[in-house]
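Single-structure report; data block below.
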Amino acid sequence: MDERAPQIAQVGRKAPDFSLEICQPDGTFGTRALKDYHGTWLVLFFYPLDFTFVCPTEITSFSQRLDEFKALNAAVLGGSTDSVHSHKAWLKELGTLGYPLFSDMSRELSRDYGTLIPEKGVALRGLFIIDPEGLLRYALYHDLGVGRSVDETLRVLEALQTGELCPANWRKGGKTLGKA
């Protein structure tokens, strides 16, 4: 039985802490913790399962746009409730990624971030933007059958980085509404 009290992800508060096993882009294993991203923006996303249909479209799309995230001082970390061994096997089909995939086999992180579907043992498509100080600044949840937009993730990241009030459909270089 899990004795650890769940953390609760809430925008504007400290992001739930984590230390997880990861599969590196080269197929080797390691660990990553939230503290490893201190000083950097982090785009953390959950997907349901390896070897599925919608997931590879998202995972490879984030990788193809990784230079744009890096230009914004942002790292990308994706993962699921699958094992790092499953991730490694899947990378043979996906091809090279530019960021690691985390393994949340304990389902603690999925629970802490509110993405866990307990009866299925998988995570919803959740996406979170954590600022360089560890504050959760953005949370998005999708149904299992709908992929996320990398364009929208980049737009929101750019808007958050302005530190200003950004109107609907704001784009980089657009007029803001002043200080937040």
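Scan segment 97-104 and tell me whether some residue there is polar (S, T, N, Q), part of a strand (DSSP E or B) and over 11 Å from the mean Cα position of the chain (by Cα).
yes
Please find, within segment 133-180, the residue that is modelled with the highest pLDDT out of those that are among the aromatic types (Phe, Trp, Tyr) and outside any loop (DSSP other than H, G, I, E, B).
Looking at the filtered set, the residue picked out is 138.
Among the residues of segment 30-37, are any in a loop (DSSP other than H, G, I, E, B), in contact with a Ser or Thr (Cβ under 9 Å, 6 or more places away or on another chain) and surrounded by fewer than 17 Cβ atoms within 10 Å (Cβ to Cβ)?
no
If you scan segment 106-122, which residues turn out to be crowded, with 17+ Cβ neighbours inside 10 Å, over 12 Å from the mean Cα position of the chain (by Cα) and on the phi < 0 side of the Ramachandran plot?
Selection gives 108, 111, 112, 116, 122.
If residue 148 passes every condition in (1) within 16 Å of the chain's Cα centre (by Cα); (2) surrounded by fewer than 13 Cβ atoms within 10 Å (Cβ to Cβ) but one, which one does it miss?
(2)
For segment 6-29, how many residues are part of a loop (DSSP other than H, G, I, E, B), touching a strand residue (DSSP E or B) at 6+ places or on another chain (Cβ under 8 Å) and either free of Cβ contacts under 8 Å to residues at least 24 places away in the same chain or hydrophobic (A, V, I, L, M, F, W, C) (or both)?
Residues meeting the conditions: 5.
For (1) touching an Asp or Glu at 6+ places or on another chain (Cβ under 8 Å); (2) farther than 21 Å from residue 141 by Cα; (3) at pLDDT 95 or above, each residue gets a yes or a no:
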position: 3; (1), (2), (3): no, yes, no
position: 9; (1), (2), (3): yes, no, no
position: 13; (1), (2), (3): no, no, no
position: 27; (1), (2), (3): no, yes, no
position: 37; (1), (2), (3): no, yes, yes
position: 93; (1), (2), (3): no, yes, no
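If we scan segment 39-59, do we find a residue that is of a type in the set (A, V, I, L, M), at pLDDT below 95, within 13 Å of the chain's Cα centre (by Cα) and not in a loop (DSSP other than H, G, I, E, B)?
yes
Looking at (1) of a type outside the set (Lys, Arg); (2) touching a Ser or Thr at 6+ places or on another chain (Cβ under 9 Å); (3) in a helix (DSSP H, G or I); (4) surrounded by fewer than 19 Cβ atoms within 10 Å (Cβ to Cβ), which is the only condition residue 89 fails?
Single failed check for residue 89: (2).
The values are calculated or read from the model by the stated rules, or taken from the named source; none is laboratory data. Not measured: the values here are computed from a predicted model. Cβ atoms come from the backbone with ideal geometry, glycine included; neighbour counts cover every protein chain shown.
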